[in-house]
Ligand SMILES: Nc1ncnc2c1ncn2[C@@H]1O[C@H](COP(=O)(O)OP(=O)(O)OP(=O)(O)O)[C@@H](O)[C@H]1O
Ligand SMILES: [Mg+2]
């Protein structure tokens with residue numbers, strides 16, 4: 001597992017999870033591995049090393065994983081201890097999937113009970129299917145039944161994740177209604193006496209769904225399903241310094257994982273993060289209006305640009321300094337759907353970048369000199 005590109009949260013943070021189990025032995029909701037407070041600490045981090053006993057061996061500082069309001073995490077954790085599901089909604093790349101993975105790993109010790117919602121998701125994938133060879137040979141038997149992650153989670157009393165729930169067809173989404181409200185699932189094919197066999201959810205079972213505001217909207221979810229979920233909106237990171245620190249941490253870890261050093265200096269990183277925030281919000285840090293491109297300018301894309309620049313700098317270290325790479329990578333994010341987005345980026349150069357350069361900021365002056373890159377790069381595709 002250690003060589004996997006993206007191991008699950010419960011493996012990456014196994015040490016912290018084991019520590020928190022020991023550290024906080026207070027009451028937990030039935031079926032939970034950790035106390036609600038320990039789950040919040042796992043996600044938001046501890047400011048200092050926590051002590052679970054005497055000596056250094058019993059001390060551990062918990063890493064901050066989610067950058068954002070703690071009360072959002074507290075409410076999410078409380079929702080999961082209750083009778084409703086949790087729906088994390090927000091713009092793309094705001095760490096909804098990451099949060100749902102961390103919550104499932106902390107509460108149930110596994111984040112693997114996941115369904116990736118798409119237009120092709122069927123009701124069977126949310127309920128159960130059959131091993132057809134066994135079904136043909138022996139008819140519907142418990143052995144021939146193939147449980148969905150939802151059914152497995154009900155049996156095990158674990159958190160189940162439904163990613164991008166609004167991409168599923170509404171009638172497929174509605175299969176979740178009875179699962180969340182009744183906490184049981186009928187299997188009519190396995191009749192027992194008079195009625196269908198019923199699978200009951202063990203304590204600890206609940207559902208975390210995520211939905212992206214750019215997809216077919218949450219507005220298309222049925223009112224009945226919406227009522228079964230508590231909604232939590234996940235916003236982009238509010239503070240520049242926090243976002244910069246996160247981008248640095250993530251980009252550094254991506255680059256150093258490949259075995260080379262990360263040599264992009266803080267000022268360049270700050271320029272990248274600032275440009276992303278200006279273009280994402282439609283307003284520059286100084287309050288000047290900025291035309292927003294139609295593409296997603298999330299923290300996730302920002303991490304990708306910062307790590308690409310770090311990688312290019314490490315593998316093709318030469319005369320090109322990291323700053324000179326910024327315009328073309330930025331354009332690579334902005335220019336995806338619509339040629340007009342190039343003009344919007346040029347307008348950003350002609351207004352915000354220019355004003356900063358005129359005010360004497362050296363780094364923005366250099367960026368202004370690179371305006372022709374924005375004009376010419378990727379010309380073939382658009
Ligand atoms: N507030 C944040 N705290 C920590 N990491 C963040 C935050 N916002 C974005 N990220 C980074 O962005 C990455 C992308 O997050 P993730 O895939 O979970 O987003 P998402 O909201 O599920 O996006 P999508 O809607 O496209 O599915 C995370 O792995 C993390 O590196
Ligand atoms: Mg996601």
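The values are calculated or read from the model by the stated rules, or taken from the named source; none is laboratory data. No experiment lies behind these values; they were computed from the predicted model shown. Virtual Cβ from ideal backbone geometry, glycine too; neighbours counted across all protein chains shown.
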Here the qualifying pairs (Cβ atoms under 9 Å; residues six or more apart or on different chains; first in region 217-242 and over 17 Å from residue 276 (Cβ atoms); second modelled with pLDDT under 90 and within 16 Å of ligand 2 (Cβ to nearest atom)) come out as 226/218; 231/218; 233/213
Could we say that residue 209 is within 16 Å of ligand 1 (Cβ to nearest atom) and buried (at least 21 other Cβ atoms within 10 Å of the Cβ) here? yes
Just one listed residue, out of 184, 167, is in contact with a strand residue (DSSP E or B) (Cβ under 9 Å, 6 or more places away or on another chain), without any contact (Cβ under 8 Å) to a residue 60 or more places away in the chain and farther than 30 Å from residue 17 by Cα, and it is 167
Residue under evaluation residue 215, criteria (1) within 16 Å of ligand 1 (Cβ to nearest atom); (2) at positive phi, criterion not met: (2)
Of the conditions (1) surrounded by fewer than 18 Cβ atoms within 10 Å (Cβ to Cβ); (2) more than 28 Å from residue 248 (Cβ to Cβ); (3) modelled with pLDDT under 95, residue 92 fails just one. Which one is it? (2)
Is it the case that some residue within region 362-377 is over 26 Å from the mean Cα position of the chain (by Cα), under 28 Å from residue 92 (Cα atoms) and not in a helix (DSSP H, G or I)? yes
Tell me, yes or no, whether region 156-167 has at least one residue that is within 16 Å of residue 207 (Cβ to Cβ), surrounded by fewer than 22 Cβ atoms within 10 Å (Cβ to Cβ) and away from ligand 2 (no atom under 16 Å from the Cβ). yes
Is it the case that some residue within region 229-250 is more than 16 Å from ligand 1 (Cβ to nearest atom) and either closer than 24 Å to residue 127 by Cα or surrounded by fewer than 18 Cβ atoms within 10 Å (Cβ to Cβ) (or both)? yes
Evaluation of residue 84 against (1) in contact (Cβ under 8 Å) with a residue 60 or more places away in the chain; (2) more than 16 Å from ligand 2 (Cβ to nearest atom); (3) over 25 Å from residue 168 (Cβ atoms); (4) in contact with a strand residue (DSSP E or B) (Cβ under 8 Å, 6 or more places away or on another chain) (one fails), failing number: (3)
Filter pass, residue 151 being under 22 Å from residue 184 (Cα atoms) and either within 12 Å of ligand 1 (Cβ to nearest atom) or not in a strand (DSSP E or B) (or both): yes
Among the residues of region 258-272, is there at least one that is modelled with pLDDT under 95, exposed (fewer than 14 other Cβ atoms within 10 Å of the Cβ), over 30 Å from residue 361 (Cβ atoms) and away from ligand 2 (no atom under 16 Å from the Cβ)? yes
Across region 337-350, the tally of residues that are surrounded by fewer than 16 Cβ atoms within 10 Å (Cβ to Cβ) and part of a helix (DSSP H, G or I) stands at 4
Among residues of region 115-137 being surrounded by fewer than 19 Cβ atoms within 10 Å (Cβ to Cβ) and under 28 Å from residue 43 (Cα atoms), the residue modelled with the lowest pLDDT is 118
Here are some residues: 196, 201, 224, 209. Which one is on the phi < 0 side of the Ramachandran plot and under 16 Å from the mean Cα position of the chain (by Cα)? 209
Out of all the residues in region 34-55, is one or more within 17 Å of residue 109 (Cβ to Cβ) and either assigned by TED's automatic domain parsing to the domain that holds residue 159 or in a loop (DSSP other than H, G, I, E, B) (or both)? yes
Quick check: anything in region 53-63 surrounded by fewer than 16 Cβ atoms within 10 Å (Cβ to Cβ), within 21 Å of residue 22 (Cβ to Cβ) and within 12 Å of ligand 1 (Cβ to nearest atom)? yes
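The rows are residues; the columns are (1) assigned to a helix (DSSP H, G or I); (2) within 24 Å of residue 14 (Cα to Cα); (3) in contact with a strand residue (DSSP E or B) (Cβ under 6 Å, 6 or more places away or on another chain); (4) more than 16 Å from ligand 2 (Cβ to nearest atom).
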| site | (1), (2), (3), (4) |
| --- | --- |
| 77 | yes, yes, no, yes |
| 89 | no, no, yes, no |
| 92 | no, no, yes, no |
| 102 | yes, yes, no, no |
| 111 | no, yes, no, no |
Subset tally (residues that are part of a helix (DSSP H, G or I) and either over 25 Å from the mean Cα position of the chain (by Cα) or surrounded by fewer than 19 Cβ atoms within 10 Å (Cβ to Cβ) (or both)) for region 275-306: 2
